[in-house]
Amino acid sequence: MIHNKDMIPEQPAPKGTIGPIGWLRGNLFNGPINSLFTLLGLYVLYLLLVPTIQWAFINADWIGDSREDCSRVGACWVFVNARFSQFIYGLYPSEEYWRANIVFAMFAGIIAWMVIPRLPFKRWVTVFALLGFPVVAYVLLHGGYFDLPRVSTHRWGGLMLTLLLASVGMIGALPIGIVLALGRRSNMPIVKTFCVIFIEFWRGVPLITILFMASVMLPLFLPSEINIDRLIRALIGLTLFQSAYMAEVIRGGLQAIPKGQDEAAAALGMTYWKRMGLIIMPQALKMMIPGIVNTFISLFKDTTLVMIIGLFDLLGIVQAALSDSRWLGFSIEGYVFAAFVFWIFCFSMSRYSQYLERKLNTGHKQ
Amino acid sequence: MTQAATNASDLMVEMNNVNKWFGDFHVLRDIYLEVKRGERIVVCGPSGSGKSTLIRCINHLEEHQKGDIVVGGVPLTQDVKRIEQIRRSVGMVFQHFNLFPHLSVLENCCIAPMWVQKKPRKEAEELAMQYLERVRIAEQATKYPGQLSGGQQQRVAIARSLCMHPDVMLFDEPTSALDPEMIKEVLDVMVELAEEGMTMICVTHEMGFAKTVADRVIFMDQGQIIEENAPEPFFNNPQSERTQLFLSQILGH
């Protein structure tokens, strides 16, 4: 039996099922309860957004140089404006800002180069970012070379310090985390035990404790002629702390790779490190992107804890500015500004990781 | 050169009183096996009989606890360097293909020649294309394993092993995970390989393949080699009761 002798011509979809109206119907107003929730949601949004926008933009004061320029009806961004360079550079001497600016520009350039897919020579940029850039940044920021006046690390602060702590922490934590994760899965009992103890120690102790120990206790144990910079000590503490978390994220990813992958690579005569580097890690790292970025984001926010040992990161310097008697009472503006800056960075990382996941997923579904 | 020495160099795989345990479980019991250069061996037996474990011991994917294994004149020990040396000369094809999903078909075939044998990329790619053509899949070289059918993946896996120019090929149930219509394309490649004189040890339930190409068929049960014979007498006149039972079960329908 033949059902349709002729091809049925294509017909348009019924009205109201496609396009924006169809979307609204399907998603927001499909049924009385959903419609009620939609309206309720819109009302709550209205209640929240209108005063926020009024406070932050419409009634806000932007221009001026003292608290008298603020009407106090809306936000007083004059405060953030006046303190802006401190929020960015900390107590870095203002005549040397150009050095920090060069480092900022290089940092932004490297990130942009890595993120924009079209740009070539990614490998060389990576090598420079890992080997060349830290040296250049140190020479520029710290000075003491090439007639650059020395700026000791206790004057570094603000966003500059936050970015420094975060990037060193991330770049350090990832390889250490990989090694720890591999060690924890190793068959060699001593290596395995060491890694387990290391990871569990750093995971089990609050970061604040570690920073305290790094800044207060470590100098007690070291001979007095060895004087490690406080910033370095904080960096080491932060990196080791995060590497323990990173190790667990990576271990999770490694466990998701089927055993057959390692066996196939082994059967081809590959050594352990080639198996890991060429076969296992590339697959595992791809799966671990959400977990790794999650760790990076929490690390980025954890850097604010260095405040406790007297380093003035972005939040620390905002808080210090709040206690200035000329600017008392502007804590909301200060915290909103700090939150906004942190949010921008964390949100960008999150979006980039989603982009990476999509990009790496195409081509080889399995 | 003495007769004995010539014979010894002709022996590709020697297993001498090999025993293996998984914990308390005695999986391989007193295994004696000699495979000469160019010989084709088919290993069969019920599941859990230790046949996969047997061939996985040859390239040390499993470790045996007792007895000696000599591969291509090299005794298998705990020494990692020696294990890797043996693995370079022993190819293996797995039931679930185990292609590297993050690499293209071509890269799957190139990666070991480039990183293990240190061949330049161009040479490795030419070699890979040559073997991909032999398994009739060269046109898929730029695809990723996930885009191929099971039979195609298994042929790529065979090509990947061949790129290392192995002296022995181990097949661990190469067609068991395949849809019925894809079994033939893989078996055809294996038959061609056998006809070219490759030394092969195949764990398989494809009795047709065993009859066509095997020099010897080995029947295993409960970790032991029960019977070993040329295919013709093995299938027509099995000696042991367990072999008879097994053959009636798999050939009976």
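Taking Cα atoms only, the orientation of helix B:241-251 departs from the longest principal axis of chain B by about 40 degrees. If only the Cβ of Lys and Arg carry +1 and only the Cβ of Asp and Glu carry -1, the dipole of chain B around its Cα centre is close to 620 debye. For chain A, modelled as a GNM whose springs connect Cα atoms under 10 angstrom apart, the maximal fluctuation among A:Arg251, A:Arg150, A:Arg118 occurs at A:Arg118.
Run a plain Debye calculation on region A:19-58 (Cα atoms as equal point scatterers, no solvent) and give log10 I(q)/I(0) at q = 0.27, 0.32, 0.36 Å⁻¹, rounded to two decimals, same order as the q list. Reported log10 I(q)/I(0), two decimals: -0.80, -0.94, -1.04.
A straight line joining the Cα centroids of region A:157-235 and region A:1-53 runs 52 Å.
Ordering B:Pro174, B:Gly50, B:Gln85 by Cα displacement along the dipole of chain B toward the positive end leaves B:Gln85 in first place; charges were set at the Cβ atoms of Lys, Arg (+1) and Asp, Glu (-1).
Add -39500 (n - 2.57) for each DSSP H run of 4 or more in chain B, then divide by its residues: what number comes out at 222 nm, to the nearest 500 deg cm²/dmol? Can you show the working numbers first?
Values: 10 runs with 104 residues, N = 253.
Value at 222 nm, helices only: -12000 deg cm²/dmol.
Anything over 27 Å Cα to Cα? Flag those among B:Lys51/B:Lys119; B:Lys81/B:Lys118; B:Lys122/B:Lys143; A:Lys259/A:Lys359, in the order listed.
Checking Cα-Cα distances, B:Lys51/B:Lys119 exceed 27 Å.
Remark: region B:141-250 projects, on average over all directions, an area of 8.0 nm² (convex hull of Cα atoms). A simple spin-label model places pseudo-atoms 7 Å from Cα toward Cβ; at B:Glu126 and A:Lys192 they are separated by 4.6 nm. Rounded to the nearest 20, the Cβ-based charge dipole of region A:313-366 about its Cα centre (Lys and Arg +1, Asp and Glu -1) stands at 440 debye. In order along region B:36-53, the Karplus-derived 3J(HN,Hα) couplings, from 6.51 cos²θ - 1.76 cosθ + 1.60 at θ = phi - 60°, round to 8, 4, x, 7, 10, 10, 10, 10, 9, x, x, 5, x, 7, x, 6, 5, 4 Hz, and Gly and Pro are given as x.
Counting neighbouring beta carbons within 10 Å and listing from fewest to most, the residues B:Ser89, B:Ser248 come out as B:Ser248, B:Ser89. Residue order for B:Cys110, A:Cys70, B:Cys202, fewest other beta carbons within 10 angstrom first, comes to A:Cys70, B:Cys110, B:Cys202. With unit charges on the beta carbons (Lys and Arg positive, Asp and Glu negative) and the dipole taken about the Cα centre of chain A, which residue among A:Pro134, A:Ala108, A:Ala266 sits farthest to the positive side? The listed residue farthest towards the positive side: A:Ala266. So how far apart, in nm, are the two label points at A:Asn30 and A:Met114 if each is 7 Å from Cα heading toward Cβ? Taking the simple label geometry, A:Asn30 and A:Met114 are separated by 4.2 nm. Using only side-chain charges placed at the Cβ, +1 for Lys and Arg and -1 for Asp and Glu, the dipole size of region A:12-122 relative to its Cα centre rounds to 680 debye.
Calculated FRET efficiency, B:Asp30 to A:Val216, Cβ-Cβ distance, R0 = 51 Å: about 0.15 to the nearest 0.05. By the rule of a second cysteine Cβ within less than 4.7 angstrom, chain A holds isolated cysteines at A:Cys195, A:Cys346. Each listed q (0.10, 0.11 Å⁻¹) maps to a log10 I(q)/I(0) for the protein assembly as shown from the Debye sum over equal C-alpha point scatterers, namely -1.02, -1.11. All distinct Cα pairs of region A:38-88 go into the 1/r average, and the inverse of that average, the Kirkwood radius, is 12.3 Å.
The smallest convex shape that holds all Cα atoms of chain B, its convex hull, gives 143 Å³ per residue.
Subtracting the Cα-Cα distance of B:Arg136 and B:Lys211 from 0.36 nm times their residue separation leaves 24.6 nm of extension gain.
The distance linking region B:65-92 with region B:195-253 is 26 Å (Cα centroid to Cα centroid, whole angstrom). Stokes-Einstein diffusion of region A:168-305 at 25 °C, 0.890 mPa s viscosity, Kirkwood radius from Cα pairs, rounded to a whole number: 151 µm²/s. Compared with the alpha-carbon gap, the fully stretched path from A:Gln354 to A:Arg185 is longer by 58.0 nm at 0.36 nm per residue. Sorted ascending by nearby beta carbons within 10 Å, beginning with the fewest, B:Met169, B:Met92, B:Met129, A:Met276 become B:Met129, A:Met276, B:Met169, B:Met92. Computed from the Cβ-Cβ distance with R0 of 25 Å, the FRET efficiency linking A:Val135 to A:Asn101 stands at 0.90.
First select every other residue whose beta carbon is under 13 angstrom from the beta carbon of A:Glu68; then total the charges, Lys and Arg +1, Asp and Glu -1. So the surrounding residues net to 0. Close amide H partners of B:Val43, meaning residues 5 or more places away or on another chain with modelled amide H under 5 Å apart, are B:Cys202, B:Val203, B:Thr204, B:Ile218. Along region A:89-98 the Karplus relation, 6.51 cos²θ - 1.76 cosθ + 1.60 evaluated at θ = phi - 60°, assigns HN-Hα couplings of 9, x, 9, 4, x, 5, 6, 9, 3, 4 Hz to successive residues, with x for each Gly and Pro.
Read-outs throughout are calculated quantities, based only on the coordinates presented, and are distinct from any laboratory measurement. The model shown is predicted, which means the values in this text are computed figures rather than measured ones. Glycine also receives a Cβ, built like all others from the backbone with ideal geometry; neighbour counts cover every protein chain displayed.
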